[in-house]
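*Asks:* Before we start, here is the structure in question, set down as C-alpha cells.
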Amino acid sequence: MKRLFAFLLACLTLTSPLFSSQAQDGVLTVDAEWSIVLSEESTPYEEFAAGKLSRELSALFGREVPVVYSANAKYIAVGSASRADVSRIADNGYRITAIGGNIHIGGTGVRGLSAAAYRFLEEFCGRKVYTSELTVFPQADCFSVPSDIDIVYEPFFEYTDTDWKSPWDPEYSLANGLNGDPHRTIDPQAGGAVKYIRGFCHTMALLCETEAHKDSDPEQLALHDGVRTTAQPCLTNPDVLKIAIGNVLENLRAEHDPNASLEIVSVTQNDNTEFCECERCRAFEAAHGGVHSATMLHFVNQIADAVKDAGYENTAVDTFAYMYTREAPTGIVPRDNVIIRFCTIEGCFRHALDDPSCERNAPLMKDLRDWAKICNRIYIWDYTTNYANTCLFFPNLAVIQHNIQTFYENNVRGVYEEGNYYMDRCDTEFGELRSYMISKCLQDPYCDLEREVDGFLEAYYGPAREFMKRILDMYESHPGAWSDGHLWIYDGAASCFSFTDEEIVAMDSLWNAAKEAGGEGYAGNIARSELSWRFWKSCLRAGEFSPANPRWRDENTRLFKDLKAFGVRTLSEWCDDDYLDCLCARYVPADEWEWHEPYEVRSWLSLISFALQELCDSVTSLLRR
Ligand SMILES: [Zn+2]
Ligand SMILES: [Zn+2]
C-alpha cells in the first residue's frame, strides 16, 4: 500500500491559466492547466515517459494532465516534440530544460527519456520512491521549476544492480536508476533491463560441456593436482574453445535482442579453485605475469572476437576477476567488448576499499588498479550484508558512497552490489535504508547522500528519525573487537561491532526514545530494525540477555517469537525456513539457533541440560525467598 504524505510545497498561489503560464521571479509554475506534448510519430520510449508524467501529474493535481499532439498553452514537451538538444549527450542520458516558458525533455538511448521523467517527478514534485511500499508524493495545486533550468544527466555506470528487497520492484528500480537483469523485469518501453544471456555467473563448465567430454576427451578438462576434473575446463585446449564459442553463439541466436542497449554473455569460472595446471596452461600463464587470469582472458578474448565477428554489436562478453583470477595479467589486454567483473569477496567492508591502512583492502585495491591500467570496462561484484548472521546490523553504511566513487574513478562501468536477496524471509535491520543508499549512489556517486538519508529516515521512521540517526552513528563508530575493526561478510556478532555495558544501556535508551517518538504510526518499522539489536545482544548474552538477568530465558523466547511474527524464516544465506523450535531458542544464544537441531541425537543432551538449568534456577529462587 502506498502512503501519500501531504506536506506544504513552496509554490505560488496563482492558479489561473493566464498567470500560471508566465515565469514569475525566475520560476515557471506548473499546474493542472499544463499538458504533456508528444509528436505524432512518437516512439514507445517517448510514449512511456509522457504517459508516466501525465499519470503522476494528474494524481498530484487531482485533475487530468493530458498527453496532446499539438501544444497551444503551457506544456512539457517530450522526446522529438521537444527542443532539448541532446546531440552531445551520452547514451541513456537526458536533458531537462526550459525554452520560452515551457519545459523540454529530451533523452538518448533506450532509457534516457524514462529516467528523465522520473528525475523530473523527483526533483520538482518531490516524488520519492523510498521502498517498494513507501512512496512519498506531496500533494499540491502546483509546483515550481526554475525558468533557467537546464539539467543534463549522463549515466555514471552502464549497468547498475543490487538485490535487496525493494530493488526487485520495477517501479523502485526505474525511480532509483537500477537496470540490471536478472533481479528485475523492466518494461521495454522504459528501456528494459541489461540482460545476461542464459546465465549470470559460474557458466564455464556448462558452456564448455566438461561433463559430456570427461570420458571421450579428458584433455578438455582441467588438470588440477594431477587429476582431470570436470570442475573447470582446460582453457588452452582448442577443442574447448570451439565448444564454448558454439554454445555462446547458439545462446545468442536463441535470446539476442537487437534493440537492447546492451546484452551480456557471462563466461565465468565455476565457484571452485580447480584451475588447470597442464603444461600448456602453465607456460602461457608464466609468460603473462604468472597469474591464472592470463589463460582466462586469452580464452574469453577469443570468444569475444567470435561474438563480434557474428555481428552482435550490442553484446559484451563478461568474465571474472575472482579469487584465483583476481590479479591482472601482463602482455595481454581485454578486447573492447570484454567486461572484467572484479569481485571483492575477500575484502573488509567497514573500511573504504582504497584505505591503504586496511590490510585486507590494500591488496584488493592494488589488483583493481592493475586491471584499470589495461581495461576501461570493469564491472564490480560487491557485497553488502552478513551472509552468516544476516539478522545482525551490517555496519557498512559509512563506506557505501566512497566505495562507489572509487569504482567510478577506476574505470568501473557496471556495479552489482549483492545484498540480502532473501530479505523477504529475513528483514530485521536497516536493509531498506541500505538499498536506497546504494541505489542513489549508483545513480549518482556524488549525490548529496546525507540529504537522501535524512529524507528516507523522515519517511520511514517519522518523528523517531533523529534517534535512528544516532543509533546508526553508534553502530558505525564502534568497530568489532574480535576482528581488529575489520568487517567480513561472514563475521560473528563480536566482530561486527562492540559496545561496553554502559554503551549498551545508552543504545537501549536510544531505542526506547525512538519507539516513544515514533508512536503507533512507525512502531512496526522501528521494532523491525530493533530486532537486529536484540539479536546481537542475545548472541553475546548482553543486556537483558545476560545470565545476570533471571529472566534472560524469557527474553530469548520473546525475541524468537518476535522474529517469527515479523516473518523471519531464515537467519543466514544457507538456512531455509523454520530454523528452530521455541524450546531451544529459549536456552541457546541467537547466533547458534540455526545450528542447534533439537531433534538430532544432540538434542537429548540439550534437553537434559535445559531441564537442569530450569531446576537450578527454581532452587536458587526458592533459596532467595
Ligand atoms: Zn590446461
Ligand atoms: Zn579493514
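The values are calculated or read from the model by the stated rules, or taken from the named source; none is laboratory data. Quick caveat: nothing in here was measured; it's all calculated off a predicted structure. Cβ placement follows ideal geometry from the backbone for every residue including glycine, while neighbour counts extend to all protein chains displayed. Keep in mind that these areas ignore ligands, DNA and RNA; they rest on the heavy atoms of the full protein, side chains included. Shrake-Rupley method; radii C 1.70, N 1.55, O 1.52, S 1.80 Å.
*Asks:* Give me the lysines in straight-line cross-link reach of LYS308: C-alpha distance below 25 Å, same-chain residues under 8 apart excluded.
*Replies:* LYS195, LYS242, LYS373
*Asks:* May I ask you to give the percent of accessible area on the chain that is carbon plus sulfur, with a probe radius of 1.4 Å?
*Replies:* Solvent-exposed carbon and sulfur of the chain make up 51 percent of the total.
*Asks:* Per 10 Å bin, what percent of the C-alpha pairs of segment 219-375 does each bin hold, from zero upward?
*Replies:* 11, 36, 34, 17, 3
*Asks:* Can you give the accessible area per residue of segment 384-437, in Å², using a 1.4 Å probe?
*Replies:* Ligands and nucleic acids excluded, the result is 20 Å² per residue.
*Asks:* Per residue, how big is the convex hull around the C-alpha atoms of segment 176-232? Give it to me in cubic angstrom, could you?
*Replies:* Convex hull volume per residue, Cα atoms: 97 Å³.
*Asks:* With only Lys, Arg, Asp and Glu charged, each at its Cβ (+1 for the first two, -1 for the last two), find how big the charge dipole of segment 436-587 is about the Cα centre; round to the nearest 20 debye.
*Replies:* I would put it at about 540 debye.
*Asks:* Separate question: So how do 444-453, 88-97 stack up, highest first, on mean other-Cβ count within 10 Å?
*Replies:* 88-97, 444-453
*Asks:* How many angstrom separate the Cα center of segment 152-226 from the Cα center of segment 254-276?
*Replies:* What the calculation gives is 7 Å, centre to centre.
*Asks:* Let me have the 222 nm mean residue ellipticity of the chain computed from DSSP H runs of 4+ only, each contributing -39500 (n - 2.57), with the sum over all residues rounded to the nearest 500.
*Replies:* One gets -12000 deg cm²/dmol as the mean residue ellipticity at 222 nm.
*Asks:* Considering only DSSP beta bridges whose two residues both sit in the chain, what percent are antiparallel, to the nearest 5?
*Replies:* DSSP beta bridges in the chain are roughly 40 percent antiparallel.
*Asks:* Quick one: grab the alpha carbon gyration tensor of segment 434-554, order the square roots of its eigenvalues as a ≥ b ≥ c, and give me rounded if a/c is under 1.5, else prolate or oblate depending on whether a/b is larger than b/c.
*Replies:* Judged from the Cα gyration tensor, segment 434-554 comes out oblate (a/c at least 1.5, b/c at or above a/b).
*Asks:* Any idea what the alpha-carbon Rg over 2.2 N^0.38 Å comes to for the chain?
*Replies:* So the Cα radius of gyration is 1.10 times the expected 2.2 N^0.38 Å.
*Asks:* Which value, in debye to the nearest 20, describes the size of the charge dipole of segment 274-331 about its Cα centre when Lys and Arg Cβ atoms bear +1, Asp and Glu Cβ atoms bear -1, and nothing else is charged?
*Replies:* 100
*Asks:* Restricting things to alpha carbons, find the Rg to Rh ratio for segment 485-575 using the Kirkwood radius for Rh.
*Replies:* 0.97
*Asks:* Now, a different point. Where a ≥ b ≥ c are the square roots of the eigenvalues of the C-alpha gyration tensor, would you call segment 140-197 rounded, which needs a/c under 1.5, or, failing that, prolate if a/b is larger than b/c, or oblate?
*Replies:* Since a/c reaches 1.5 and a/b is larger than b/c, the shape of segment 140-197 is classed as prolate.
*Asks:* May I pose another question? What residues have an amide H closer than 5 Å to that of PHE320, excluding those fewer than 5 places away on the same chain, when H is modeled at 1.01 Å from N in the peptide plane?
*Replies:* GLN269, ARG341
*Asks:* Using every alpha carbon pair in segment 269-353, what percent of pairs falls into each 5 Å bin from 0 up to the bin containing the largest distance?
*Replies:* 3, 14, 22, 21, 17, 12, 7, 2, 1
*Asks:* What are the radius of gyration and Dmax of segment 34-118, computed over its Cα atoms and given in Å?
*Replies:* Taking only Cα atoms of segment 34-118, I get Rg and Dmax of 11.8, 37 Å.
*Asks:* So, one more: In cubic angstrom, how much convex hull volume per residue do the alpha carbon atoms of segment 207-302 span?
*Replies:* 109
*Asks:* Whole Å is fine, so just give me how far the alpha carbon centre of segment 295-311 lies from that of segment 77-111.
*Replies:* 37
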